[in-house]
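Have a look at the structure below, then the notes.
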Amino acid sequence: MNAQPSPPTSDLEYRWGRNFQEKAIEAMLFLAAFLAVAVTASIMVILVTESVGLFQTVSIVEFLTGTEWAPMFEPPTYGILPLVCGTLMTSLIALIVAIPMGTLSAMYLSEFASLRAREWIKPSLEILAGIPTVVYGYFALLFVTPLLQKILPSLPGFNMLSPGIVMGIMIIPLVASISEDAMRSVPRELREGSYAAGATRFQTALKVVFPAAISGISSSYILSVSRAVGETMIVAIAAGLQPIITFNPLEPAATITAFIVQVSLGDLPHGSTAYQTIFAAGLVLALMTLVFNIFGHFLSKRYRENY
Amino acid sequence: MVSETSGHRSQSGIAHKAKVEAVNLSFYYGGSKAAIKNVSLAIPEKQITALIGPSGCGKTTLLRCFNRMHDLYDNNRYEGKILLDSTVNLISTKIDPIEVRMRVGMVFQRPNPFPKSIYENVAYGLRIRGESRRRVIDQKVEQSLQQAALWNEVKDRLNDQAYDLSGGQQQRLCIARALATDPELILFDEPTSALDPIATANVEQLMLQLKDKVTMLVVTHSMQQAARISDYTAFMYLGELVEFDQTSKIFSAPAQEKTRDYIGGRFG
Amino acid sequence: MAIALPEQGLIALRKSVSRRQLYSNLFAIVGLISILVALVVLVALIIHLLSQGLTSIDWQFLTSPASSDAEEAGVFIALVGSGLVMLVTTTLAVPVGIAAGIYLEEYARKGWLADLIEINVTNLAGVPSIVYGLLALGLFKYALNLGESIITAGLTLALLVLPVVIVTTREAMRAIPSSLREAAYALGASKWRMVKDHILPYSMGSILTGIIIGLSRAIGETAPLVTIGALTFITFLPDSPIQPTFPFISFSWLLSPFTVLPIQMFSWVSRPDLAFEAKAAAAGAVLLALTLLMNGFASFLRYRLRKGIKW
């Protein structure tokens, strides 16, 4: 290599050029990152501006507390409660399946399974999370519902139970993988402390590992609520589309998401009432999931900082 | 009284009955080379026995054989025997490791209280055993904390989180946790290596006080500590037991050249 | 205390141990059963799909357009549509996502701005896909007047995949020890040189894994595309990107109407006709095979990487 020092002027020029390049690159990277903020903002702006017309026909209070949803009828009614009820019912069924099974799976994987068993089981479970939801919808309508009808002959072809169960199975890997991560990040010393005291695996899992990982585990629960509330295709295909308030899982019902799909399938002129209703419904959905997501994120951050 | 089963020549000075005795013990991590090679060692009852040696010599591995901690991880294998009271072989596959751990307590290198209250930490071992009578647990918690010389510092805040205690207090809490279940032997794995000198002195003093109640086996990286607290000392090197004798003898007139070199600071 | 345990005590102790071990084993069985139930459902789903759809899958099915006659209906146009939409999605989401990941992991200084971006990325990852559909409907279709086109669909799915790419990029970069960064700086590298010469190449494998998983989600997405009005009966291919006349390359395909595999399946599922049910199953099987292949490839890549590099 030449040991010739470069003349000062050109060095300055070079440095200036390099600094300029560095700054330009940083600015571009920043813009890419800032896009996330822009997207969130545009979601909120679009949802609000496209639905605001609806609230000139119907008051917000009426919209949020009305018990009848018939925007296409004459005279139209815009009470979103039936859709919220359908959403919460299907989500509840899904969570009744996903939370116990996901937690038990996570405990088994983290505290009982051998390293080799874990390496096989985990990716197999992950496949469940990767299956397209339209395939799950098909499965719920044409496999699970007929199967359930053999046990409950009075079950109608569209009902909340079948898509709820299928949705729950789909969410199991979400609960299992976050919970297992949380339990596995519990330090080994704590576990050994418990074993050294003569505890069995079960006692260690239940009394030491589970409480120590509780914030991570509960964040998985909250994220799965948000997932179930926002799930669309399974319920749109298999739950039926009747917006009625019912707490009977054997009946059909419409969810917020299924309603949006149903309306989108028809003719949807820009600015029409139907067009505005799906944005209003979407706004409610977005706000519901936003609350869950932020809360869940906060919890999962806490468990990472614990150790 | 010299142990009958162990004929190691350097054990001539053992004057106490053996509580636990390793006989031709070998241990293998996951099928690899032996980490402990044919160790025979009789641990005297109600005495403190120190395990010393350079790092990697297998002293912690040996210690964790006594409560079968190695069973927690796959493919580990023991050979030989560890006899408790000359009758029960602790490493027999017929004996449940949990039974062993109920009789042999352990205190770890770094304080590892559970993220629970001070009270619940001490009560844990009792609850594990299915004890649910409040009065029994209360009494045992107080007794153990007193034995661990922690009672006066924490009696007014038993329901506080254990993490709020200082490092030294946490370690004494872990000792109390081990004492609560009346173990016959307590294993200490470098119990003061994460503590400052004052906390170390407290823990050492505590161990000396416990001597008339329970048998103790201590792994320590500090020869000074071994000299200060132990009655007997075992020196290990490369997975083998080189010499075992009264501490005073090991430090003043070791029989083996290796021991002399180590004590003299020539390696390790 | 601590004298040899009397015989009585030892018997009681052993009883308590075996009772507790029994509970522990029972619990392990319950845990294993819940995993098995989930896996049995997975197997049932795959078998059902194959048993219903396999007979319909042949060369003709893969090369024919949709048709109102169930006998002739195929997935050719939908396959091409899925491919083109994925092309747009990948082109948009990958560079932007990686750039955003680099900024957040290597450049961003702690402060409210970084926090704001971070919260938004996390939140976007949890926004239901149908809400992206509404955004696309209002913004791309009407405000930007892009219509029900491939570019609208590609943009929509790109936004959906973006958080996945950002998060995996960050995780991959975080796994690189800071000693490597310091080594590069110590040799006089600028920040960008350090990122370009070290961080990016070392983390590319893991980033790629994340991208493939993100795309495998996108290829099965239905709801956001239904929302933009993509559920239409399409029997023709988009314009070809290669033209016989100057300038030989055309981007008019970007504005063509389209259909994709999951939409095609959805439209067949909603028909009350048994013959179309079989077609739906066949489309589902093809779709499942595609996503499983992508996931499998990602797993394989991850496995290879884990074997390869040890920090």
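Derivation of every value follows stated rules applied to the coordinates shown; laboratory data play no part. Please read these numbers as outputs of a predicted model, since none were measured by experiment. Cβ placement follows ideal geometry from the backbone for every residue including glycine, while neighbour counts extend to all protein chains displayed.
In straight-distance terms, cross-link reach from B:LYS33 covers every one of the aspartates and glutamates whose alpha-carbon lies under 18 Å from its own, apart from those fewer than eight places away in the same chain; here that gives B:ASP71, B:ASP74, B:GLU79, B:GLU240.
Derived scalar couplings between HN and Hα for the stretch C:262-274 equal x, 5, 4, 5, 4, 5, 6, 4, 6, 7, x, 9, 4 Hz in order, rounded to whole Hz, by the Karplus curve 6.51 cos²θ - 1.76 cosθ + 1.60 (θ = phi - 60°), x for Gly and Pro. Between the listed residues A:PHE259, A:LEU161, A:TYR195, the Cα displaced farthest toward the positive end of the dipole of the stretch A:95-306, a dipole computed from Cβ unit charges relative to the Cα centre, is found at A:TYR195.
Is the shape of the stretch C:136-178 rounded, prolate or oblate, going by the alpha carbon gyration tensor and its root eigenvalues a ≥ b ≥ c, with a/c under 1.5 for rounded and a/b larger than b/c for prolate?
Working: a/c = 5.59, a/b = 4.20, b/c = 1.33.
Prolate.
Quick check: from the Cα gyration tensor, does chain C come out rounded (a/c under 1.5), prolate or oblate?
Numbers: a/c = 2.50, a/b = 1.30, b/c = 1.92.
Judged from the Cα gyration tensor, chain C comes out oblate (a/c at least 1.5, b/c at or above a/b).
What's the FRET efficiency of A:GLU74 with A:SER185 using the Cβ-Cβ distance as r and R₀ = 56 Å, to the nearest 0.05? That pair, A:GLU74 with A:SER185, gives E of 0.45. For B:GLN47, the residues whose amide H sits under 5 Å from its own are B:MET216, ignoring neighbours fewer than 5 places away on the same chain, with H placed 1.01 Å from N.
Assuming charge only on the beta carbon of Lys and Arg (+1) and of Asp and Glu (-1), the dipole of chain C about its Cα centre is about 1620 debye to the nearest 20. Counting only other residues whose beta carbon sits under 14 Å from that of C:SER82, what net charge do I get with K and R as +1, D and E as -1? It works out to a net charge of 0. In plain terms, the residue of C:TRP268, B:TRP151 with the fewest other Cβ atoms within 10 Å comes first and the most crowded comes last, giving B:TRP151, C:TRP268. Evaluated with a Cβ-only charge set (Lys, Arg +1; Asp, Glu -1), chain B carries a dipole of roughly 240 debye about its Cα centre, given to the nearest 20. Among C:VAL161, C:VAL88, B:VAL203, B:VAL23, the ranking by other beta carbons within 10 Å of each residue's beta carbon, starting with the fewest, stands as B:VAL23, C:VAL88, B:VAL203, C:VAL161. Remark: the stretch A:179-188, residue by residue, has Karplus-estimated 3J(HN,Hα) of 5, 5, 4, 4, 5, 6, 7, 5, x, 4 Hz, where x stands for each Gly or Pro and the curve is 6.51 cos²θ - 1.76 cosθ + 1.60 at θ = phi - 60°. Ordering C:ALA285, C:PRO177, C:PHE76 by the projection of their Cα atoms onto the charge dipole of the stretch C:59-308, which places +1 on the Cβ of Lys and Arg and -1 on the Cβ of Asp and Glu, puts C:PRO177 at the extreme positive end. Remark: A:MET101, A:MET44 ranked as A:MET44, A:MET101, counting other beta-carbon atoms within 10 Å and listing the fewest first. As a calculated quantity, the FRET efficiency between B:TRP151 and A:LEU92 at R0 = 41 Å, using C-beta atoms, amounts to about 0.25. Farthest toward the positive end of the dipole of the stretch B:9-263, out of B:MET207, B:SER40, B:LEU195, is the Cα of B:SER40, where the dipole comes from beta carbon charges about the Cα centre.
Near B:ILE36, the amide H atoms lying under 5 Å from its own belong to B:PHE27; only residues 5 or more places off or on other chains count, and H is placed 1.01 Å from N. Bridging of C:LYS279 to lysines at a Cα separation below 29 Å is possible for A:LYS150, once same-chain residues fewer than 8 apart are set aside. Taking packing as the residue-averaged number of other Cβ atoms within 10 angstrom, the listed peptides B:42-53, C:174-185 run from highest to lowest as B:42-53, C:174-185.
The Kirkwood hydrodynamic radius of chain B, based on inverse pair distances between different Cα atoms, is 19.0 Å. Using the Karplus relation 6.51 cos²θ - 1.76 cosθ + 1.60 with θ = phi - 60°, the per-residue 3J(HN,Hα) values for the stretch A:38-48 come to 4, 5, 4, 4, 5, 4, 5, 4, 4, 4, 6 Hz, with x marking Gly and Pro.
Tell me the volume per residue, in Å³, of the convex hull enclosing the alpha carbons of the protein assembly as shown. Provide the component values of the computation, followed by the final result.
Values: hull volume 214.4 nm³, N = 886.
Cα-based convex hull of the protein assembly as shown, divided per residue, equals 242 Å³.
To the nearest 20 debye, what charge dipole does the stretch A:95-306 have about its Cα centre, counting +1 at the Cβ of each Lys and Arg and -1 at the Cβ of each Asp and Glu?
Values: 13 positive and 11 negative charges, 108 e Å.
Value, rounded to 20: 520 debye.
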